Structures are given as C-alpha cells and as structure tokens.
Amino acid sequence: MKTYKLFFILTALVIFLSFSLSACSKSTNSNKSPNQPKSSIKSKTSGRLKLFGVSLLNPNRKTLENAIKKAGLTPIKAGHNYYCESYRVNGQLSGASKLYVCYTQNNRFANAQYVFSAFMNTELVKRVITMVSDKYGKPDSVNGNYNLGDVTAYWHFGSNEEIKIFRGWPSTSVYLNLRNIPNYRRFLYELHKQKEDKIAKKVKSQSSAF
C-alpha cells in the first residue's frame, strides 16, 4: 500500500513539473517578437548624395562645374589651377554665403563645403542640422552643446560618402560638408604633399645664399 501511494505521488509530481516547464517555455517565446530587428541602427544607402543633381559617388570636375554654372552660382576662384573652387551662393541655399568645391589632382570630386556665416547665433547650427535631417533623416551622431562650444553631426552613406556639419567656438559660423570619403582622403594627402614640396624647395633655394 505504501509503495502504491509513493508511486502515485511521484507520478503526479512528474506531470506537474512537465506542465510547469511547458507553460514557462510558451510564455518566454510569446514575449519574443518575430519581427524584431537584429540592430536598431540602419545604414543609409550609398549613392544618395547629390550636388545640383550630380551624384557625388565619383564625378569629375567638368561635370560639377557645368552643374554649378547652370545653378547660377557666381565663381570667385575657379579653374584647374585651384584644388578648391569657390563660389557665391546667391540665395540658392538659404543662409549659406559661399560654397567651396575641392578636387583631387586627377580632377575627381572630394568635398563640397557650404559656409553659413553668423555672429553670436548659437541657434544656427541646430537649424542647419534640422534642414539636413529633413532630407536625409536623423544624423548618425551629434556631439556637443548647441548653446556653447563645438558641435559636430555626421550622416554616413555606405563607406564612401558622408555629410559632416561643424561649428567651432567662439565663432558660431556653421560648415556643411558633403564628401566622397576616399577622394577626400586622397585630396588631403595631395595637399599635404604639395605643402611639403614647397617647403623643401624653399629650403633648397635658401641654402645657396650662405
């Protein structure tokens, strides 16, 4: 009789534990969303950046010069003798006063920089960031305090393109950059190399004076 009661108790306990484990498993699985993304960060599609309708993936100088001319910007310094061409914006982008467009030595686009000049207007950087966000979505990163100090914001498009907004301090002017990253790195290297060559040439010419 005792053996029968013990067997009944053990059987009931096994059934109870099996039911409890099954219920817990269903509860846990029901809390998982089958549509939950692996990451909340989505990379923006490359090839979206354009300047006056020209894709900035890898345009040549002539193509951009024609587009800028057609848009009605007034050249200040332009031509193949300049790494960076400069233009008056003439109201084509609200608040911007100048546009600088820089190229590599083989005349490939590297960087376009709009200048938003301001004196003690701490709200300007926020306005420019909002303007870009309306077109390209929220920035991937924003660092700094709108009311005081340096501020930077970045949008990344694949591995070859980016937008950078920068405000230094104490100046409150804002700089909006659209970049082809590989070409921009090459541009910086070539610019640095040119400066080094000029210094070396000057040192060599001066050494013959004594």
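The values are calculated or read from the model by the stated rules, or taken from the named source; none is laboratory data. Because the structure is predicted, anything quoted here is derived from the model rather than measured. A quick note on method: Cβ atoms are made from the backbone with ideal geometry, for glycine too, and the neighbour counts reach across all protein chains shown.
Data for the structure
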| quantity | calculated |
| --- | --- |
| Some residue of region 176-192 being surrounded by fewer than 16 Cβ atoms within 10 Å (Cβ to Cβ), part of a helix (DSSP H, G or I), within 17 Å of the chain's Cα centre (by Cα) and of a type outside the set (D, E, K, R) | yes |
| Candidates G53, G72, G79, filtered to the one that is surrounded by fewer than 16 Cβ atoms within 10 Å (Cβ to Cβ) and under 21 Å from the mean Cα position of the chain (by Cα) | G53 |
| Residue under evaluation G47, criteria (1) at pLDDT 50 or above; (2) at negative phi, criterion not met | (2) |
| Number of the condition not met by L56 [criteria: (1) touching a strand residue (DSSP E or B) at 6+ places or on another chain (Cβ under 7 Å); (2) more than 19 Å from L176 (Cα to Cα); (3) modelled with pLDDT of 90 or more] | (2) |
| Answer from G168, G149 - the residue that is modelled with pLDDT of 95 or more, farther than 27 Å from G47 by Cβ, surrounded by 13 or more Cβ atoms within 10 Å (Cβ to Cβ) and within 18 Å of the chain's Cα centre (by Cα) | G168 |
| Filter result for Q206 (within 21 Å of T104 (Cβ to Cβ), among the polar types (S, T, N, Q) and part of a helix (DSSP H, G or I)) | no |
| Complete set of residues in region 152-165 that are surrounded by 12 or more Cβ atoms within 10 Å (Cβ to Cβ) and farther than 15 Å from K50 by Cβ | T152, A153, Y154, H156, K164, I165 |
| Matching option when the condition is at pLDDT 95 or above and touching a helix residue (DSSP H, G or I) at 6+ places or on another chain (Cβ under 9 Å), among V128, V115, V132, V142 | V142 |
| Residue pairs meeting the criteria (Cβ under 6 Å; at least 6 apart or on separate chains; first at negative phi, in region 166-193; second basic (K, R)) | V174/R167; N177/K164; N183/R108 |
| So V151, is it among the aliphatic types (A, V, I, L, M) and closer than 19 Å to Y100 by Cβ | no |
| Extreme residue, nearest to G79 (Cα to Cα), among residues of region 95-129 that are touching a residue at least 24 places away in the same chain (Cβ under 8 Å) and polar (S, T, N, Q) | N107 |
